[in-house]
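The structure appears right after this line, and notes come after that.
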Amino acid sequence: MSADTGELVFSAPSGGPIRYANWRNRVWVPATRAAGLEGLGFHDLRRANATALVRLGVDVKTAQERLGHSDVRMTLGLYAQAEKPADRDAAKRLGEVFMRDPRDGRGMSAPERPPPSQEIGPELGL
């Protein structure tokens, strides 16, 4: 089953296309103001949808198709916003893989620290 690209998702009371300027002023602006989200753009909903798909762990190919993008790079580059909690979780999970106790034979340990006289950084103020 394919979508009929000529059909309107939303239509004006007359059955024709909605004129964006009228709809924005009559519907969108009052709704965002009432919700305490004044200044929110309609396209922000699309960006929030894409970011939520990524946060929920939906694979990027599925997200791309749901958003109607021809290229997955567009999905990632334009819409999938990196989030601090997700970044922290990724770092934690990588740490669990690579910083395991070497005695268990499954991971790598942090390198031994050189003696203070050989440390890199003090002369750079680090």
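The values are calculated or read from the model by the stated rules, or taken from the named source; none is laboratory data. This one's a predicted model, so the numbers in the text were calculated from it and none came from an experiment. Cβ: placed from backbone, ideal geometry, glycine included. Neighbour counts: every protein chain shown.
The table for this structure:
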read-out	value
Filter result for G77 (outside any loop (DSSP other than H, G, I, E, B), modelled with pLDDT under 85, surrounded by fewer than 11 Cβ atoms within 10 Å (Cβ to Cβ) and under 22 Å from the mean Cα position of the chain (by Cα))	yes
Residue check for L45: modelled with pLDDT of 80 or more and out of contact with any strand residue (DSSP E or B) (no Cβ under 8 Å at 6 or more places or on another chain)	yes
All positions within the stretch 19-63 that are in a loop (DSSP other than H, G, I, E, B) and of a type in the set (D, E, K, R)	R19, E38, D59
Meets criteria (at pLDDT below 85, surrounded by 10 or more Cβ atoms within 10 Å (Cβ to Cβ), not basic (K, R) and not assigned by TED's automatic domain parsing to the domain that holds Y20) for A90	yes
